[in-house]
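Q: Have a look at this one.
The values are calculated or read from the model by the stated rules, or taken from the named source; none is laboratory data. Computed from a predicted structure; not experimentally measured. Virtual Cβ from ideal backbone geometry, glycine too; neighbours counted across all protein chains shown.
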Amino acid sequence: MSRLTLWVRAGSDGLRCGGDPAAHQLFMLMLWKAELDPNLKFDVKTVNESRPPPEFREV
């Protein structure tokens with residue numbers, strides 16, 4: 001299984017996760033699923049909406 005990437009809106013500092021409840025809910029759900037299935041691997045990356053990285057634009 002390939003790695004999943006969860007893109008989360010960055011907070012006011014531009015680095016840490018922002019206060020998006022939907023993103024937090026997805027993150028908690030993915031953590032729970034990963035406990036049940038050790039093959040589930042995912043990364044959480046923050047994105048600053050004013051300066052999105054090139055890899056985010058490709059998605």
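Residues checked against (1) surrounded by 10 or more Cβ atoms within 10 Å (Cβ to Cβ); (2) modelled with pLDDT of 95 or more; (3) not in a loop (DSSP other than H, G, I, E, B):
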| position | (1), (2), (3) |
| --- | --- |
| Ser2 | no, no, no |
| Thr5 | yes, no, yes |
| Val8 | yes, no, yes |
| Asp13 | no, no, no |
| Ala23 | yes, no, yes |
| Met28 | yes, yes, yes |
| Thr46 | yes, no, yes |
| Ser50 | no, no, no |
| Phe56 | yes, no, yes |
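Q: A follow-up question, please. So Gly14 passes all but one of these: (1) on the phi > 0 side of the Ramachandran plot; (2) within 11 Å of the chain's Cα centre (by Cα). Which condition number does it fail?
A: (2)
Q: Let me spell it out: the conditions are (1) among the aliphatic types (A, V, I, L, M); (2) in contact (Cβ under 8 Å) with a residue 12 or more places away in the chain; (3) surrounded by 13 or more Cβ atoms within 10 Å (Cβ to Cβ), and Ala34 meets all of them except one. Which number is the exception?
A: (2)
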